[in-house]
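Reviewing the structure listed below.
Coordinate-derived values only; no laboratory data. Keep in mind it's a predicted model, so treat the numbers as computed, not measured. Virtual Cβ from ideal backbone geometry, glycine too; neighbours counted across all protein chains shown.
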Amino acid sequence: MAYKVVITKEIDEALDRIDEYCIEHFHNYEFAVKVFDEIMKVASFLSENAGKTKKYSKFLYKYVSPDIGYNIYYSVDQINKTVYIEKILSFKEKQ
């Protein structure tokens, strides 16, 4: 059974920051689009594979995305069959 996937406000804000950074500093919107596309791909994957990636903490799981150099953290609500994508951190950021 597929889970519903929810992009949290924190992820939405992080995507905005990545978007702004790519445009302002690199004048390159392509990477921002690539990050957004990857988030959509991960959401689709997690819908069918909730909780099947490495456990990061008591409540969070970690999805490693080498294509964009980010780790994506999510939680799973088994009762409501919902995945919450909680945060996205580049490999260079403190995890």
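Of everything in segment 66-77 that's surrounded by fewer than 18 Cβ atoms within 10 Å (Cβ to Cβ) and either among the hydroxyl-bearing types (Ser, Thr, Tyr) or without any contact (Cβ under 8 Å) to a residue 12 or more places away in the chain (or both), which residue is nearest to Glu20 (Cα to Cα)?
The selected residue is Pro66.
Does segment 14-28 contain any residue that is in contact with a Lys or Arg (Cβ under 9 Å, 6 or more places away or on another chain) and touching a residue at least 60 places away in the same chain (Cβ under 8 Å)?
The answer is yes; a qualifying residue exists.
Tally the residues that are more than 26 Å from Thr82 (Cα to Cα) and surrounded by fewer than 14 Cβ atoms within 10 Å (Cβ to Cβ), restricting the search to segment 19-57.
Within segment 19-57, residues that are more than 26 Å from Thr82 (Cα to Cα) and surrounded by fewer than 14 Cβ atoms within 10 Å (Cβ to Cβ) number 10.
Output yes when any residue across segment 29-43 is on the phi > 0 side of the Ramachandran plot and free of Cβ contacts under 8 Å to residues at least 24 places away in the same chain, and no when none is.
Looking through segment 29-43, none of the residues is on the phi > 0 side of the Ramachandran plot and free of Cβ contacts under 8 Å to residues at least 24 places away in the same chain.
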